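> Supplied in structure tokens, the structure appears directly below.
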Amino acid sequence: MSTTTVAARSTMTTTAASIPTQHREGAVSSPFTRVLLAPESGLLRRPASLMRVGILMTAGALPVLSIPLYIFGLLPISASARFLVLPLVIIVLAMTLHRSEESRWAVWGLVAGLIAVTAYDALRMPMVFTGIWPDFIPRLGGWIIGDVPTNIPVGYAWRYVGDGGGIGMAFFVMCGVIGVWRFPALARRPIQLGIGYGIFIWSGLVGTIALSARGAELLFPLSPQSLGLSFAGHLIYGSVLGLYLQRVLAKEHRWELAA
């Protein structure tokens, strides 16, 4: 065997070993792994992709973040809705029509979030109707409109599409871009990942109430009952996100095997 042949084979072996498992021939991957994780075409070399991810995650998180901004007296929700959330919604709709890989994950997250918040309210609403759990959502609608004390349709639209759907969208975009593909162990535990995310969101809610002088007045007072019920609701929300993520990952895996 010639020296040239041996050197060529050695180079090929070294090159193959340096390629992450996700990118080797025959390995299960996704469009995100090929675009974002390949060393020769990483995220920082795809500014358009990076910009789309940033916009989608910001748009998903902003509706729920607008609440603590208002509670702490930093920015009225009426201003957030008009000048931040609404423009981002228009941009996200345009991005969805473009049908990028990032927007595909965002749509999955929006759907998952809507289902999850519906499941959450299956626990919450009976408690609201019986007076066990105070309902601040109608007041949230009034804060968004800005000149009325309550508005039930606007409040619940914000809760479902903005809060529930939005943070679901942020979760799925995060998983699709930097989560389950870069850390395969997360892909094997999507339900636990969703539950952890739900607890993270719950901790932000409790922190807002505990650290703000008017959090208990505007949202609800902290008590063993309210803590337990809100924690259970966020466990439900996170579990549903995780179940939907599990379904998406299984579907993607089947698609990759068939491709």
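The values are calculated or read from the model by the stated rules, or taken from the named source; none is laboratory data. Owing to the predicted nature of the structure, the values given are computational and were not obtained by experimental measurement. Glycine gets a Cβ as well: all are built from the backbone with ideal geometry, and neighbour counts include every protein chain shown.
> Condition (residue is of a type in the set (A, V, I, L, M, F, W, C), over 21 Å from Gly131 (Cα atoms) and without any contact (Cβ under 8 Å) to a residue 12 or more places away in the chain) applied to the range 185-192: is it met by at least one residue?
So the first thing to find is which residues in the range 185-192 are of a type in the set (A, V, I, L, M, F, W, C), and the list is 185-187, 191.
So of that shortlist, the ones also over 21 Å from Gly131 (Cα atoms) come out as 185-187, 191.
This time we only want the ones that are without any contact (Cβ under 8 Å) to a residue 12 or more places away in the chain, so: 185-186.
Yes, there is a match, as at least one residue in the range 185-192 is of a type in the set (A, V, I, L, M, F, W, C), over 21 Å from Gly131 (Cα atoms) and without any contact (Cβ under 8 Å) to a residue 12 or more places away in the chain.
> Of all helices (runs of 4 or more DSSP H) completely enclosed by the range 96-203, which ones contain at least 2 residues that are surrounded by fewer than 15 Cβ atoms within 10 Å (Cβ to Cβ)? If you could, list the steps in order and put the result at the bottom.
Details: elements: 101-129, 137-145, 152-157, 166-174, 184-187.
Per the criteria, 101-129, 152-157, 184-187.
> Another question, then. Anything in the range 66-85 that is hydrophobic (A, V, I, L, M, F, W, C) and either farther than 20 Å from Ala216 by Cα or crowded, with 16+ Cβ neighbours inside 10 Å (or both)? List them, or say none. Walk me through it before giving the result.
Within the range 66-85, the subset hydrophobic (A, V, I, L, M, F, W, C) is 67, 69, 71-72, 74-75, 77, 79, 81, 83-85.
Scanning the range 66-85 gives Ile67, Leu69, Ile71, Ile77, Ala79, Ala81, Phe83, Leu84, Val85.
> Look through Trp143, Trp108 and report the one residue that is in contact with a helix residue (DSSP H, G or I) (Cβ under 7 Å, 6 or more places away or on another chain), of a type in the set (Phe, Trp, Tyr), modelled with pLDDT of 95 or more and more than 20 Å from Phe220 (Cβ to Cβ). Write out each step before concluding.
Values: Trp143 fails: more than 20 Å from Phe220 (Cβ to Cβ).
Testing whether each residue is in contact with a helix residue (DSSP H, G or I) (Cβ under 7 Å, 6 or more places away or on another chain), of a type in the set (Phe, Trp, Tyr), modelled with pLDDT of 95 or more and more than 20 Å from Phe220 (Cβ to Cβ) leaves just Trp108.
> Still on this structure, please answer the following. Only residues that are surrounded by 15 or more Cβ atoms within 10 Å (Cβ to Cβ) and assigned to a helix (DSSP H, G or I): list them for the range 205-215, please.
As a first pass, look at the range 205-215 and keep what is surrounded by 15 or more Cβ atoms within 10 Å (Cβ to Cβ): 205-206, 208-209, 212, 215.
Listed by number, the residues that qualify are Leu205, Val206, Thr208, Ile209, Gly215.
> Filter the range 210-238 for residues that are without any contact (Cβ under 8 Å) to a residue 60 or more places away in the chain and under 21 Å from Gly166 (Cβ atoms) and give the result.
Ser230, Phe231, Leu235
> Can you pull out every residue in the range 195-247 that is within 23 Å of Phe72 (Cα to Cα) and polar (S, T, N, Q)?
Within the range 195-247, Ser203, Thr208, Ser212, Ser223, Ser226, Ser230 qualify.
> To continue, here is another question. Given the criteria farther than 24 Å from Gly198 by Cβ and aromatic (Phe, Trp, Tyr), does Phe72 qualify?
On the way: farther than 24 Å from Gly198 by Cβ: no; aromatic (Phe, Trp, Tyr): yes.
No.
> Ok, one more. Of the residues Leu97, Leu86, only one is at pLDDT 95 or above and farther than 20 Å from Leu205 by Cβ; which? Don't jump to the end; show me each part of the working.
Values: Leu97 fails: at pLDDT 95 or above.
The match here is Leu86.
> Related question: Residues to consider are Val117, Val177, Val128, Val154; find the one that is β-branched (Val, Ile, Thr) and within 16 Å of Gly238 (Cα to Cα). Spell out the reasoning first.
Numbers: Val177 fails: within 16 Å of Gly238 (Cα to Cα); Val128 fails: within 16 Å of Gly238 (Cα to Cα); Val154 fails: within 16 Å of Gly238 (Cα to Cα).
Criteria check complete, one pass: Val117.
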